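First the structure, in the form of structure tokens, and then the observations on it.
The values are calculated or read from the model by the stated rules, or taken from the named source; none is laboratory data. Keep in mind that this is a model prediction, so the values were computed, not measured. Neighbour counts run over all protein chains shown; Cβ positions are idealised from the backbone, glycine included.
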Amino acid sequence: MRSKRGTLLIIAIILFAAAVSVSAINARHGRLLAERGAAGEQADAAPEPDSGQFTLTAVGDCTLATDITTPAEGSFESKVEELGGDYGYFFRNVADIFASDDLTVVNFEGTLSNRGERQEKTFAFRGDPEYVNILTSSSVEAASLANNHSGDYGEVSLTDTASALTNAGIFAFNGMSIASPMINGVKIALVGINALNPDDAAQMEECIRRAKINGAQIVILYIHWGIEKDTEPGADQTEMAHAAIDAGADLVLGSHPHVLQGVEKYNGRYIVYSLGNFCFGGNTNPADKDTVIVRAVISTDEKGAYIDNDDISFIPCMISSTGEYNDYQPTPAQGADRERIIEKLTERTDAIAPLNLKFE
């Protein structure tokens, strides 16, 4: 009996320590992002504090690593070595866009860790924790870890990645770990769901409801779903997206297919089914290099409720500054590339339901 009591006491102490650690991480998240947000408002002439309006920029998969099975030549790791610490290179061509908003959100697909064992899967990504400087040097403030690569080197790699992002002042959100920044007087909830995991998918609506109960005025859901390379969302994606909005989400962003999928407006809220790749170290030369940056100016009324103002636009981009290979430098598209991406996203949107998309 004494041994059993001792074991229970040890378990209780471990659980208490974990709860304190999570609380501390969330508190640090809030403090650091608030400081970064305040600095950004001063530098970029953003809306006045407590304006009830903020500008969100969102992009797709960012994988800052190379799988160990990938040949070194032309790989992300070889590019890092070539640059000799110039982490600003990767987002240089889009940094001004990120700096002009209040909040930039990415899907961080991979890990930042020196620990753990490679999981048994086709591709697994582990980058040096220093690579967080790629994000911080380019005004990225939030990262979803709700995807199928956030634990590529085991649970410890997920913990290390969340810590690396948090310590750099970047919100890392995943499942019930909901980020809650306050920007320009608007309390926001960033919810990440990996719908490829049935257990995570099942808690989506509860996560959204919890965010609302905790006072979120605007809920943004970043969800990992669908089938790789599919250009149209499946019925399960549509069902989940509508359920998320019915539960209280105000914007739904999708990832995982690695290609663009269309956009839908449902009950006054937008769903971007797949943003595709963005800064993608997982492939030296993807056949499809098209992507977009989503820019949404989100406003609330005097009661703090979402205003349906259709102030959302898309910036056509390529994941590389050259079409011949992947140089891991996302770049706004020009000329024929730009027209192709506009046509592609428009056609894939119309296949869902006609919608007048705005492009910058």
Residue list for the range 174-194, filter: under 13 Å from Asn107 (Cα atoms) and in contact with a Ser or Thr (Cβ under 6 Å, 6 or more places away or on another chain): Gly192
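Would you say Leu158 is crowded, with 17+ Cβ neighbours inside 10 Å and either within 14 Å of the chain's Cα centre (by Cα) or among the aromatic types (Phe, Trp, Tyr) (or both)? Spell out how you get there, then give the answer.
Working: crowded, with 17+ Cβ neighbours inside 10 Å: yes; either within 14 Å of the chain's Cα centre (by Cα) or among the aromatic types (Phe, Trp, Tyr) (or both): no.
So Leu158 fails the test.
Can you confirm whether the range 227-236 contains a residue that is buried (at least 23 other Cβ atoms within 10 Å of the Cβ) and in contact (Cβ under 8 Å) with a residue 24 or more places away in the chain?
So in the range 227-236, the residues buried (at least 23 other Cβ atoms within 10 Å of the Cβ) come out as 233.
Then keep just the ones that are in contact (Cβ under 8 Å) with a residue 24 or more places away in the chain; that gives 233.
Looking for residues that are buried (at least 23 other Cβ atoms within 10 Å of the Cβ) and in contact (Cβ under 8 Å) with a residue 24 or more places away in the chain, one finds at least one in the range 227-236, hence yes.
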Test for Ile208: is it farther than 21 Å from Ser299 by Cα and not hydroxyl-bearing (Ser, Thr, Tyr): no
Some residue of the range 196-206 being in a strand (DSSP E or B) and more than 28 Å from Ile319 (Cβ to Cβ): no
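Between Thr69, Thr63, which is at pLDDT below 95 and of a type outside the set (Asp, Glu)? Steps first, please.
Values: Thr63 fails: at pLDDT below 95.
Result of the check over Thr69, Thr63: Thr69.
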Single condition Val140 does not satisfy, out of (1) assigned to a loop (DSSP other than H, G, I, E, B); (2) surrounded by fewer than 17 Cβ atoms within 10 Å (Cβ to Cβ): (2)
Scope the range 67-114; condition over 20 Å from Pro330 (Cα atoms) and either over 23 Å from the mean Cα position of the chain (by Cα) or of a type in the set (A, V, I, L, M, F, W, C) (or both); matching residues: Ile68, Thr69, Thr70, Pro71, Ala72, Leu112
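Residues to consider are Leu190, Leu165; find the one that is crowded, with 19+ Cβ neighbours inside 10 Å, outside any helix (DSSP H, G or I) and either at pLDDT 95 or above or among the acidic types (Asp, Glu) (or both).
Details: Leu165 fails: outside any helix (DSSP H, G or I).
Criteria check complete, one pass: Leu190.
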Cross-chain or 6+ apart pairs with Cβ under 8 Å, the range 68-87 first and in a helix (DSSP H, G or I), then of a type in the set (A, V, I, L, M, F, W, C): Phe76/Leu64; Phe76/Ala65; Glu77/Ala65; Ser78/Ala72; Tyr87/Ile134
Residue list for the range 265-284, filter: more than 23 Å from Arg338 (Cβ to Cβ) and not hydroxyl-bearing (Ser, Thr, Tyr): Lys265, Asn267, Gly268, Arg269, Ile271, Gly281, Gly282
